[in-house]
Amino acid sequence: MNKTVNPKDLTSDDDYGPLYAARKKVYPQSVSGTFRRIKWGLMAFCLGVYYFLPFVRWNRGLGAPNQAVLIDLPNSRFYFFFIELWPQEVYYFTGLLIVAAVALFLMNSIGGRIWCGYLCPQTVWTDLFYAVERLIEGDRRERMKKDKSSDPMKLERISEIVLKHSIWLLIAWWTGGAWVLYFNDAPTLVKELVTFQAPMIAYVWIGILTATTYLLAGYMREQVCTYMCPWPRIQAALTDEWALNVTYRYDRGEKRTSVKKAAELRALGEQVGDCVDCYQCVAVCPTGIDIRNGPQMECIQCGLCIDACDNVMTKIGRPKRLIGYDNDINIQRRQEGKAPVYRIVRARTIVYSAIIAAIGGFMIYTLATRSLLDVNVLHDRNPVAVKLSDGSIRNAYTVRLLNKSGYDRVIAIDAHGPANATVHVIGVDSVTPDRPMIVIPRDSTSELRLLVTAPADSNQEKSIPVRFHVTDIGLGEVATATDNFVSP
Amino acid sequence: MTDHSDIDAVTGKSTTGHEWDGIKELNTPLPRWWVISFYLTIIWSIGYWIVYPAWPLISSNTTGVFGYSSRADVAVELGNLEKIRGDKMMALGAASLADIEKDPALLALARAKGKTVFGDNCAPCHGSGGAGAKGYPNLNDDDWLWGGSLDQIMQTIQYGVRSGHAKTHEGQMLAFGKDGVLKGDEIVTVANYVRSLAGLPTRKGFDAAKGEKIFAENCVACHGDGGKGNRELGAPDLTDKIWLYGSDEASLIETISQGRAGVMPAWEGRLDPATIKAMAVYVHSLGGGK
Ligand code: SF4
Ligand code: SF4
């Protein structure tokens, strides 16, 4: 990509190794700094939302669930604060998925894999597990030493290991536990869970998620990002030269040498870099790579190496951000002695934003204007039409009425189309001959059998359209559906 | 035996000793976890053979050590299903026919249940939607040989028509030609007369007075004055627009000379009372028959 750079300067030979190598265990060191603080903040936020959202209440009136976010599978309803979705409205989820995908593209075009570095559940939980590990077993050096030590297991060490895994399992278990709370009234389910009254499926799911969390965050860690997740490979195709990626500014860093040597050489007016080859950036990296080797697929762009190097630079009195979020263009420009340019607003980001705005806007619009009264009509197929003893023609329909609102409705049905037709609903005695009235309970569907009868010679056509109007007597809300009236 | 002493010069690994055209195969064993799970599956399968019914014997099969049987499982599942449905079917059995139609929940249940039972038992003759066919009444219209009220439909389903059941509907269209009661020209005349009753066109020069006389002497007993029919006897109304065996002259002549006696089986005893009730409600709801 860069003509001015010889990759040999950046990478050592053994980086072009086999496609799959046995895993080298990574021991990331703790670090403090701007990006680490952002990561802590986002972690607290994401986990907080995930663990506690099921306990948020939302008043939907008597008889309706009062959990703010609830996936009510037995009754096929999805509740999200003031929104209640029915199964036939799953397209909102489709829309949401599209928006999410494009948002990922947008993030990628602005800041590379910031999703991976800060928000991906794999990153968040792995980070949490590392924090626990560090707390119990100590930082990088200690952990390496403990793992290497061939001493017979001492009681202290054993208790450390047991403690670590217990806490890991506890977190994993809570993660699985929080998951099932989204599918049932949370306080009730918690009570049932602790008294072993909860349905089997809840325990099964908690078990599955406990296992996956424990394995993925405790053992697989960066392997998931490198070998299991498709996103690193996809995002490479979506990124461009303007995207900000964690970058080692080799134009500033090379040649690497010690602080003392650098001072001497600088005094002699020779070209030396700021990098002191302290390997701090490597030590903190959760995927165990050396960012100084240039952009790599393994890099999740968590920015921790930036913090690590900034700390070093501060200590040796050189300007910060030897490693920083930067784009490909600036590397070239700086080599040519030009000022860096950053551009967030460009064709790509505009298009992505426009797509998000369009789909999001459309979803909000349809959500705001969606009808809470709906009618579907299905024409009888066998027979399509019936001749009655007086010669008149009758067609039968199966009508499904949906009352998505939180109150019972009294509705009237009338049919427009066949001349002089009468409408009859099975099981309903109509007071007004052509306008049967019925009650549909709130938040439910009713299936009715509806008969439309027209005199023999009032309709010359073999098939004429018939339009069913369903009117809420109280509110005047109307829903319609069209079908055909057929003569034999 | 493979010879592992042969070491590949490039990789430094041992080879299997197999060589094809100068190419040697490196000895790369499967990962241990893989091999272990492989052996575990073998052990598992042997256990499975023993624990579950598996081996065919000459006239039966091994029964396993737990006495497990998928047949028994199905029976248990079916029993559970009945238990789940029990309350509802009980409610259906307890309610009167009229009450079922008034209660939306019971009506929905009866229609759903009735529909499946109808599909299994009645559809072969009456069609999947009850549309009927020649000789098999359309259940969607308002013309009922034996009455179209809920109770009458229920009764017909329970006892059938000419079914041999003690309480069955009886009634017979006599074979006036075959039995020599009427002569050929008389049959043609009365057939045309019947057509005239329904307002259908008649053959040119047909003697209406003679037809009326023949009808009065032979047909009124069952079909009533003016051919309005008689539901007690299952005698159809001859003045309406619905004809079970066709309304053209040839069909009528055949009906009059050969007679008609369709049969419907009695369902009492074959289906339980609640199911028959559901079916009656379903059939009634097809056309809201009177
Ligand atoms: S190289 Fe830096 S940004 Fe990339 S994963 Fe490692 S620490 Fe994070
Ligand atoms: S932390 Fe900074 S100074 Fe140290 S090796 Fe990495 S890039 Fe060089």
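With θ taken as phi - 60° and the coefficients 6.51, -1.76 and 1.60, list the Karplus ³J(HN,Hα) couplings across region A:460-477 in order, rounded to whole Hz; mark glycine and proline as x.
7, 6, 5, 9, 10, x, 10, 10, 9, 10, 10, 10, 6, 4, x, 9, x, 5
For region B:47-163, what is the convex hull volume of the alpha-carbon atoms per residue, in Å³? Present the calculation step by step, with values, prior to reporting the outcome.
On the way: hull volume 22.5 nm³, N = 117.
Cα-based convex hull of region B:47-163, divided per residue, equals 192 Å³.
Roughly how much of residue B:193 is accessible, in Å² to the nearest 10, using a 1.4 Å probe?
Accessible area of residue B:193: about 30 Å².
What are the radius of gyration and Dmax of region A:177-236, computed over its Cα atoms and given in Å?
15.9, 50
Taking only the Cα atoms of the protein assembly as shown, how large is their convex hull per residue, in Å³? If you can, show how the numbers build up before the last one.
On the way: hull volume 268.0 nm³, N = 778.
Convex hull of Cα atoms, per residue: 345 Å³.
For chain B, taking Cα atoms only, what is the radius of gyration to one decimal and the Dmax to the nearest whole Å?
Using the Cα atoms of chain B, the pair Rg, Dmax is 36.2, 120 Å.
Suppose accessible area is computed on protein heavy atoms with a 1.4 Å probe; arrange A:55, B:66, A:78 from highest to lowest. It would help to have the intermediate numbers written out before the result.
Values: A:55 85, B:66 155, A:78 40 Å².
Ranking A:55, B:66, A:78 by accessible area, largest first, yields B:66, A:55, A:78.
For region A:27-139, report the translational diffusion coefficient in µm²/s to the nearest whole number, using Stokes-Einstein at 10 °C, 1.306 mPa s, and a Kirkwood Rh over Cα pairs. Kindly include the intermediate steps, with their values, before the conclusion.
On the way: Rh = 17.1 Å.
For these conditions, the coefficient is 93 µm²/s.
In terms of solvent-accessible area of protein heavy atoms at a 1.4 angstrom probe, what is the ranking of A:174, B:243, highest value first?
Numbers: A:174 115, B:243 60 Å².
Order by accessible area, largest first: A:174, B:243.
Mind pulling up the Rg/Rh value for region A:42-90? Radius of gyration and Kirkwood radius, both on Cα.
Details: Rg = 12.3 Å, Rh = 11.8 Å.
Rounded to two decimals, Rg over Rh is 1.04.
Accessible area per residue of the protein assembly as shown at 1.4 Å probe, in Å²? Before the final figure, lay out each step's value.
Values: 43240 Å² over 778 residues.
On a per-residue basis, 56 Å².
If I measure Cβ to Cβ between cysteines in chain A, which ones have no partner under 4.7 Å?
So, A:46, A:116, A:120, A:225, A:229, A:275, A:278, A:285, A:299, A:302, A:309.
Work out, step by step, the length gained on full extension between residue A:135 and residue A:148: first 0.36 nm times the residue separation, then minus their alpha carbon distance; give nm to one decimal.
Details: separation 13, 0.36 × 13 = 4.68 nm, distance 1.89 nm.
That pair, residue A:135 and residue A:148, stretches by 2.8 nm at full extension.
How much accessible surface does residue A:400 have with a 1.4 Å probe, in Å² rounded to 10?
Number for this one is 90 Å².
Dividing the alpha-carbon Rg of region B:41-100 by 2.2 N^0.38 Å yields what? Kindly include the intermediate steps, with their values, before the conclusion.
Values: Rg = 20.6 Å, N = 60, 2.2 N^0.38 = 10.4 Å.
It is 1.97.
Please state, rounded to one decimal and in Å, the Kirkwood hydrodynamic radius that region B:1-44 gives when every pair of distinct Cα atoms enters the mean of 1/r. Please report the intermediate quantities before stating the final value.
Values: mean 1/r = 0.0829 Å⁻¹.
Over region B:1-44, the inverse of the mean reciprocal pair distance is 12.1 Å.
Multiply the residue gap between residue A:37 and residue A:256 by 0.36 nm, knock off their C-alpha separation, and tell me the result in nm, one decimal place.
On the way: separation 219, 0.36 × 219 = 78.84 nm, distance 2.86 nm.
Result: 76.0 nm gained on full extension.
How far apart, in nm, are the 7 Å Cα→Cβ label points at residue A:93 and residue B:55?
It works out to 4.9 nm between the two label points.
Could you tell me the total accessible area buried at the B-A interface, probe 1.4 Å, in square angstrom to the nearest hundred? Let's see the in-between values first.
On the way: alone 18120 and 26580 Å², together 43240 Å².
For B against A, buried area totals roughly 1500 Å².
Of the residues B:87, B:185, B:225, which exhibits the maximal mean-square fluctuation in a Gaussian network model of chain B defined by a 10 Å Cα contact cut-off?
B:185
Counting each DSSP H run of 4 or more residues in chain A as -39500 (n - 2.57), what helix-only mean residue ellipticity at 222 nm follows after dividing by all residues, to the nearest 500 deg cm²/dmol? The partial results should precede the final answer.
Working: 15 runs with 192 residues, N = 488.
Result for chain A: -12500 deg cm²/dmol, rounded to the nearest 500.
I need the phi-derived Karplus couplings for region B:274-285: 6.51 cos²θ - 1.76 cosθ + 1.60, θ = phi - 60°, integer Hz, Gly and Pro marked x.
5, 5, 4, 4, 4, 5, 4, 5, 4, 5, 5, 6
Efficiency by 1/(1 + (r/R0)^6): what FRET value for residue B:123 and residue A:389, r their Cβ-Cβ distance, R0 = 30 Å, to the nearest 0.05? Let's see the in-between values first.
On the way: r = 24 Å, r/R0 = 0.79.
Computed FRET efficiency for residue B:123 and residue A:389 comes out at 0.80.
Using a 1.4 Å probe on the protein heavy atoms, what percent of the accessible area of chain A belongs to carbon and sulfur?
Working: 16630 of 25830 Å².
Answer for chain A: carbon and sulfur cover 64 percent of the accessible area.
Taking a quarter of the surface of the convex hull around the Cα atoms of region B:1-111, what do you get in nm²? Intermediate results must be reported in sequence, preceding the final value.
Details: hull surface 70.9 nm².
Over all viewing directions, region B:1-111 projects a mean Cα-hull area of 17.7 nm².
Using protein chains only and a probe of 1.4 angstrom, how many square angstrom of residue A:424 are accessible, to the nearest 10?
70
Would you mind computing, in nm to one decimal, how far apart the modelled labels at residue A:160 and residue B:221 are, each placed 7 Å from Cα along Cα→Cβ?
That separation, rounded to one decimal, is 11.1 nm.
Over all alpha-carbon pairs of region A:336-434, lay out the pair-distance distribution in 10 Å bins, whole %, shortest bin first.
In whole percents, the pair-distance histogram is 10, 24, 20, 14, 11, 9, 6, 4, 2, 0.
Relative contact order (percent) for region B:1-146, with alpha-carbon contacts under 8 angstrom and 6 or more residues of separation?
On the way: 99 pairs, mean separation 10.3, N = 146.
Across region B:1-146, relative contact order equals 7 percent.
Are there chymotrypsin sites (Phe, Trp or Tyr not before Pro) in region A:295-392 that DSSP marks as loop and that have at most 14 other Cβ atoms within 10 Å, and which are they? Show your work: numbers first, answer last.
Values: sites: A:325, A:342, A:352, A:362, A:365; in loops: A:342.
The qualifying sites are A:342.
Compute the label zone of residue B:208 within region B:230-249: residues whose backbone N is under 18 Å from the point 7 Å along Cα-to-Cβ.
B:238-240
Restricting the calculation to Cα positions, tell me the Rg (one decimal) and the Dmax (whole number) of region A:91-215 in Å.
Computed over the Cα atoms of region A:91-215, radius of gyration and Dmax are 19.5, 60 Å.
Provide the percentage of antiparallel DSSP beta bridges, counting only those with both residues in the protein assembly as shown; round to the nearest 5. Present the calculation step by step, with values, prior to reporting the outcome.
On the way: 64 of 66 bridges.
Approximately 95 percent, going by the DSSP bridge assignments.
Estimate the FRET efficiency between residue A:234 and residue B:85 by the formula 1/(1 + (r/R0)^6), using the beta-carbon distance for r and 56 Å for R0, to the nearest 0.05.
Details: r = 50 Å, r/R0 = 0.89.
Efficiency, from the Cβ-Cβ distance: 0.65.
Considering only Cα-Cα distances, which of the following residue pairs are longer than 29 Å: B:183/B:228; B:115/B:178; A:387/B:213? Please list the in-between numbers first.
Working: B:183/B:228 25 Å; B:115/B:178 40 Å; A:387/B:213 31 Å.
Distance filter (> 29 Å) returns B:115/B:178; A:387/B:213.
Evaluate 2.2 N^0.38 Å with N set to the residue count of region A:218-265, then give the Cα radius of gyration divided by it.
Numbers: Rg = 17.8 Å, N = 48, 2.2 N^0.38 = 9.6 Å.
Cα-based Rg divided by the globular estimate yields 1.86.
The values are calculated or read from the model by the stated rules, or taken from the named source; none is laboratory data. Note that the structure is a prediction, hence the values are computed from the model and not measured. Positions of Cβ are generated from backbone atoms using ideal geometry, with glycine treated the same way; all protein chains shown enter the neighbour counts. Accessible surface is based on the protein model in full, side chains and every heavy atom, while ligands, DNA and RNA are left aside. Shrake-Rupley method; radii C 1.70, N 1.55, O 1.52, S 1.80 Å.
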